[in-house]
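The values are calculated or read from the model by the stated rules, or taken from the named source; none is laboratory data. These numbers were taken from a predicted model, which means no experiment stands behind them. When we count neighbours, we look across all protein chains shown, and the Cβ atoms used for this are built from the backbone with ideal geometry, even at glycine. All accessible areas refer to the heavy atoms of the entire protein, side chains included, with ligands and DNA or RNA removed. Shrake-Rupley method; radii C 1.70, N 1.55, O 1.52, S 1.80 Å.
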Amino acid sequence: MQNSFHNYKNSNWFCLSGILLISIITIVLPILLMGFPNGGPDMMQHCKFALAYYDSISNGIFFPGWVSDNIDYGSVGIRFYPPLPYYFLAVSKMIFGNWFDAFWINLFLWMLVGAVGVYLFAKEWVSPFTAMVASIIYATMPYHLLQIFQYFLYAEFIALCILPFCFLSVTRICLYRRWIDTLLFTISYSLLILTHIPLSLIGSISLFFYVLVLIDYKNFIPTLKYLISSLCLSLGATSFYWLKVVTEIKWVAHNNTNFSEDLFGYTEWLFPISLSHHENDLITNNAGFFDVLILLNLLLLLP
């Protein structure tokens, strides 16, 4: 009887059913019952870019280079934001006919994809049931939910759903050294680059140190061959995007103090943030919330 229950709770269908349920609870139910939260300027920006892609694709232009915002002067910003999140939204709008369904279905599917990715990644090391618990923690992680229900960091949310597959494929390359895993890493890493720049950089650094810990140094050269091949293929597959960013980066002036108002400086960002002095109202009004968020994420270290 005990062995039967053990096999039952470690079956893939049971674990995937639990992952599906937690994805519905965390994304679908809050949105369908209460609607979308007020995501502030980030949500409006994502909506503008999604609409620009929708209009461009509808008119036969696959990659728009300008968007009609910025007090009717237009904006070049769409050339620098990775395109993948807006392609998904634009196509979803064409399929479902309205933006509300396009948004919530995208969010639900990406949460499900990310939770499954964590499940598969964790299952390389632990039992399926424990891997399911890891995916549930991932789906209910405070910062992950904040990305949608507090500030609507749509592109970052998607990137965090792709990142587990990068770790999964790198793990399999280091353990098994197979070309199929090289292909999986190429696809997942390319999607990450085409989704969100900051998380691509953070993820790349994390993957680098992860490989240093995981790699079997007796097979260092063969493993390195697979990893470098994946990296080169990923850079080649995404070159249509990042080459343009690199060559046109001088058009971006956000790092100029005339525009940033020290919003992106971290000299005063010390915990607790609420005790720090900030002239920007956005930081001041959310300082206490940031402290609570930091504490909630630190509590995840306990299990």
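Can you find, within region 7-20, the residue that is farthest from Gly117 (Cα to Cα) among those that are open to solvent by 70 Å² or more (accessible area, probe 1.4 Å) and touching a helix residue (DSSP H, G or I) at 6+ places or on another chain (Cβ under 9 Å)?
Across region 7-20, the extreme among qualifying residues is Tyr8.
Here's a check for you: in region 129-185, which residue that is assigned to a loop (DSSP other than H, G, I, E, B) and not hydroxyl-bearing (Ser, Thr, Tyr) is nearest to Leu301 (Cα to Cα)?
Initially, region 129-185 is screened for residues assigned to a loop (DSSP other than H, G, I, E, B), giving 141, 150-153, 177-178.
With not hydroxyl-bearing (Ser, Thr, Tyr) added as a condition, the list becomes 141, 150, 152-153, 177-178.
Working: Met141: 12, Gln150: 23, Phe152: 25, Leu153: 24, Arg177: 31, Arg178: 33 Å.
Of everything passing the filter in region 129-185, Met141 is nearest to Leu301 (Cα to Cα).
Hey, does region 207-227 have a residue that's open to solvent by 20 Å² or more (accessible area, probe 1.4 Å) and within 12 Å of the chain's Cα centre (by Cα)?
Taking every residue of region 207-227 in turn, none turns out to be open to solvent by 20 Å² or more (accessible area, probe 1.4 Å) and within 12 Å of the chain's Cα centre (by Cα).
Taking the criterion of being among the charged types (D, E, K, R), open to solvent by 40 Å² or more (accessible area, probe 1.4 Å) and assigned to a loop (DSSP other than H, G, I, E, B), would at least one residue in region 92-110 satisfy it?
No, region 92-110 has no match at all.
Considering only region 95-118, how many residues are among the aromatic types (Phe, Trp, Tyr) and more than 20 Å from Gln147 (Cβ to Cβ)? Break it down into steps so the answer makes sense when it comes.
In the first step, residues of region 95-118 are kept if they are among the aromatic types (Phe, Trp, Tyr); the result is 96, 99-100, 103-104, 108, 110.
Now restrict to residues that are more than 20 Å from Gln147 (Cβ to Cβ): 96.
Counting residues in region 95-118 that are among the aromatic types (Phe, Trp, Tyr) and more than 20 Å from Gln147 (Cβ to Cβ) gives 1.
Which condition number does Met34 fail, the rest of (1) in contact (Cβ under 8 Å) with a residue 24 or more places away in the chain; (2) farther than 27 Å from Ser169 by Cα being met?
The failed condition is (1).
For region 141-177, how many residues are farther than 21 Å from Ile19 by Cα and either free of Cβ contacts under 8 Å to residues at least 24 places away in the same chain or among the hydrophobic types (A, V, I, L, M, F, W, C) (or both)?
Total meeting the criteria: 8.
Being of a type outside the set (A, V, I, L, M) and either without any contact (Cβ under 8 Å) to a residue 40 or more places away in the chain or surrounded by fewer than 21 Cβ atoms within 10 Å (Cβ to Cβ) (or both) is the requirement here; does Ser188 meet it?
Yes; evaluated as a whole, the condition is true for this residue.
Using the structure shown, decide if Pro30 is at pLDDT 85 or above, under 17 Å from the mean Cα position of the chain (by Cα) and under 30 Å from Met132 (Cβ atoms).
Numbers: at pLDDT 85 or above: yes; under 17 Å from the mean Cα position of the chain (by Cα): no; under 30 Å from Met132 (Cβ atoms): yes.
No, not satisfied.
May I ask you to verify whether Leu301 is assigned to a loop (DSSP other than H, G, I, E, B) and at pLDDT 75 or above?
yes
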